[in-house]
Amino acid sequence: MKFNQRTHTCGELREDNIDQHIVLNGWVDTRRDLGGVIFIDLRDRYGITQVVFEPSYNQDAHEIGKELRGEFVVSIEGKVRRRPEGTENLELPTGLVDIMVDKIVILNKALTPPFQIKDNLDVNEDIRLKYRYLDLRRTDMQNNMVLRHKMYQSVRKYFDENSFVEIETPVLMKSTPEGARDFLVPSRIHKGRFYALPQSPQQYKQLLMVSGFDRYFQVVKCFRDEDLRADRQPEFTQIDVEMSFVDTEDIYSMMEGLMKKLFKEIKGYDLQTPIPRLTFDDAMEKYGSDKPDLRFGLEMVTLNDVFKETEFKVFKDTLDNEGVITGFVASGCGDYTRNQLDVLTDYTKKLGAGGLIWMRVKEDGLEAPIAKFLSETEKEQLVASMNAKPGDLLLIVSGPKLKTLSITGSLRLEMAKRMEIIDKNSEPKLLWVTDFPLLEWDDETRRYYAMHHPFTSPHIEDVELLGTDPGKVRARAYDLVLDGNEIAGGSIRIHDSKLQALMFKSLGISKEEADHKFGFLMNAFKYGAPPHGGIAFGFDRLAMLFAGKDSIREVIAFPKTSSGMSLMDESPSTVDDAQLKELHIKIR
RNA sequence: GGGGUCGUAGUUCAGUUGGUUAGAACGUCGGCCUGUCACGCCGAAGGUCGCGAGUUCGAGUCUCGUCGGCCCCGCCA
């Protein structure tokens, strides 16, 4: 099939091109056959151009034009003409002109697609995923992919300008069963042995610091075999960063530079720096979350002091057990019905709270089921310390500290949604959350786990607490939060093998175990490891937020469903017995 | 592992208390139409009601199981 290659794209032609003889290649977007004249909207990823078949202009072309259907791939040759007065389409950038066709070649016919290739598509996601190649033909999705591409370029340019080196690290590596579940890859050559896919290139990038690379970054695929969410896929992309001879402040300012550049180049927005900071403890107390959404208020208030003398049993028990009484004011929600409040109570209980205490603020006091258990002083202090006004609703939860703060934080988000006070067009709210706890107690296994990872450096002044009160040790770890989403996390690492040994001891990891799991890293540190630290961005999440979407699947070309399936190629799939045999694997 | 929700034409949905031949819109196909751009008008085709049992004279509708989508909890160093 002979055809001429395009001289222009479908988004390109303007008044300047009038009377030129041009060639366009593309897909038939829509066809409007008026009996005599036929209009075709020809589409490629650059735009749409109207193509005209008129019998009096070219009989042969018009005959072929009649056969055209949606999504046919065609090459057309013709003359650019100014559209007749009154028929311009100002919605289209190319709308002042159209093409009078001299020659058309149908390069390929197409089946009727299972859904229309158009924006603001109303079709279920499983159909889109099964025919992802058609979904990606839509302008919406093409824009998302291009946005993502532009973000890669800005990121790479920024790090290159700042003397970072991009280095690829292995995708087949050693399994480290701390943290997320690994994807395993059986070795054919070494019977009974497995590679793991990296959860992150953490150890490699630290080794690169030992090697003297000083400033490293990588746009890198990572893999975690955990359950999915709207913002979590089993394979995802990180912007992985590590720097030598730095402290937290150096990381903050370098990353703030990156965010400034990204916001400027992608969104045309001037991000003000420095980005505000909040310690983990403060974030939990005020927002009940380590990734607070600051686009709205509903700040939580700790009420322990108000109820320190209370006779109300629920609160008294909480205080006796070093728990927390916390709550917030839902302003103007004093008219919530009993039914609505029951739904909220149910929501809170499902998250694990004992219950939800609500009070309507009236002109003459508090209206609540528990009001009779509270003294007048308590009621007055409660209203004063929460700064509540008549017409407001108070929502209060009590119980074990961290859990209760977190549940109330979820309720805060839920209320913001119900009250519709999250402005999607508001200025982006960025925030560093700092001073995470180094260790986290696990009731099930009755041991501490590293909240971040076992190479995270504690605050120097907290080191001695490692032996006495490990839960109190603060880490030199930080997350970057954008509008309630964790978009990056990192830490200053331990570069001193004695401190690392102490850390392993606190985690209950024996010397032998540490050697077995991380020996190569510990060995490397004996040969002159510089102080270093780094951070990793969840690139898909960042792209999702920049694109204004609610799911990272919208910015990933070929994502998995929430059960980890690919509906298009139907993976994961079974394999031949012969393949399994080669890998020395039997299915139980 | 658990909770919620959904599954009916190619697509998005409606479908009453369990009751005649399961509807609409868009799309598709055919006819008419020379300035449309969501073209218009006329007509037609198109259904394993996700799948499998059960209850019933009778199931899209009720029950149980199962598969799949989405959201959430757990999980995600």
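Observations on the structure shown:
- Residue match in region A:69-81 (condition: over 25 Å from A:GLN116 (Cα atoms) and free of Cβ contacts under 8 Å to residues at least 24 places away in the same chain): no
Listed here are the residues, each with its yes/no results for (1) open to solvent by 20 Å² or more (accessible area, probe 1.4 Å); (2) touching a strand residue (DSSP E or B) at 6+ places or on another chain (Cβ under 9 Å).
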residue: A:THR456; (1), (2): no, yes
residue: A:LEU466; (1), (2): no, yes
residue: A:ARG476; (1), (2): yes, yes
residue: A:ASP479; (1), (2): no, yes
residue: A:HIS495; (1), (2): yes, yes
residue: A:SER510; (1), (2): yes, no
residue: A:MET522; (1), (2): yes, no
residue: A:PRO531; (1), (2): yes, yes
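- 3 or more residues surrounded by 12 or more Cβ atoms within 10 Å (Cβ to Cβ) and more than 12 Å from RNA strand B (Cβ to nearest atom): qualifying helices (runs of 4 or more DSSP H) within region A:73-165: A:139-161
- Residue-level check: of (1) within 16 Å of A:VAL80 (Cα to Cα); (2) more than 8 Å from RNA strand B (Cβ to nearest atom); (3) surrounded by 15 or more Cβ atoms within 10 Å (Cβ to Cβ), A:PHE39 misses just (2).
- Residue count for region A:250-288, restricted to those that are open to solvent by 30 Å² or more (accessible area, probe 1.4 Å) and within 14 Å of A:SER154 (Cβ to Cβ): 8
- For region A:569-584, a residue qualifies if it is assigned to a loop (DSSP other than H, G, I, E, B) and either loosely packed, with under 14 Cβ neighbours inside 10 Å or within 11 Å of RNA strand B (Cβ to nearest atom) (or both), and the qualifying residues are A:ASP569, A:GLU570, A:PRO572, A:SER573, A:THR574, A:VAL575, A:ASP576, A:HIS584.
- Residue pairs meeting the criteria (Cβ under 9 Å; at least 6 apart or on separate chains; first of a type in the set (Asp, Glu), in region A:446-465; second open to solvent by 60 Å² or more (accessible area, probe 1.4 Å) and in a helix (DSSP H, G or I)): A:ASP462/A:LYS472
- Among the candidates A:ARG14, A:ARG45, A:ARG32, residue that is among the basic types (Lys, Arg), closer than 21 Å to A:ASN89 by Cβ and within 14 Å of RNA strand B (Cβ to nearest atom): A:ARG32
- Leading residue by the ranking (nearest to RNA strand B (Cβ to nearest atom)) among those in region A:51-72 that are over 42 Å from the mean Cα position of the chain (by Cα) and open to solvent by 70 Å² or more (accessible area, probe 1.4 Å): A:SER56
- Sole residue being small (Gly, Ala, Ser), surrounded by 14 or more Cβ atoms within 10 Å (Cβ to Cβ) and touching a helix residue (DSSP H, G or I) at 6+ places or on another chain (Cβ under 6 Å), chosen from A:ALA488, A:ALA514: A:ALA514
- Flag for A:LEU411 being touching a residue at least 24 places away in the same chain (Cβ under 8 Å), in contact with a Cys (Cβ under 6 Å, 6 or more places away or on another chain) and more than 11 Å from RNA strand B (Cβ to nearest atom): no
- Scanning region A:191-205 for residues that are in a strand (DSSP E or B) and surrounded by fewer than 19 Cβ atoms within 10 Å (Cβ to Cβ) turns up A:PHE194, A:TYR195.
- Scanning region A:190-225 for residues that are of a type in the set (A, V, I, L, M, F, W, C) and within 19 Å of A:PHE236 (Cβ to Cβ) yields A:ALA196, A:LEU197, A:PHE217, A:VAL219, A:VAL220, A:CYS222, A:PHE223.
- Any hit, region A:206-224, residues being within 28 Å of A:LYS549 (Cα to Cα) and part of a loop (DSSP other than H, G, I, E, B): yes
- Qualifying residue in region A:439-452 (condition: touching a Leu at 6+ places or on another chain (Cβ under 6 Å), open to solvent by 40 Å² or more (accessible area, probe 1.4 Å) and within 14 Å of RNA strand B (Cβ to nearest atom)): yes
- Only one of A:MET565, A:MET544 that is within 13 Å of RNA strand B (Cβ to nearest atom) and at pLDDT below 95: A:MET565
- Index of the failed condition, A:VAL171 passing every other in (1) assigned to a loop (DSSP other than H, G, I, E, B); (2) of a type in the set (Val, Ile, Thr); (3) over 24 Å from the mean Cα position of the chain (by Cα): (3)
- Residue count for region A:276-300 satisfying the condition of being at negative phi and in contact with a Gly (Cβ under 7 Å, 6 or more places away or on another chain): 6.
The values are calculated or read from the model by the stated rules, or taken from the named source; none is laboratory data. Small disclaimer: the values here were computed from a predicted structure and weren't measured. A quick note on method: Cβ atoms are made from the backbone with ideal geometry, for glycine too, and the neighbour counts reach across all protein chains shown. Heads up: the accessible areas ignore ligands, DNA and RNA and are worked out on the full protein's heavy atoms, side chains in. Shrake-Rupley method; radii C 1.70, N 1.55, O 1.52, S 1.80 Å.
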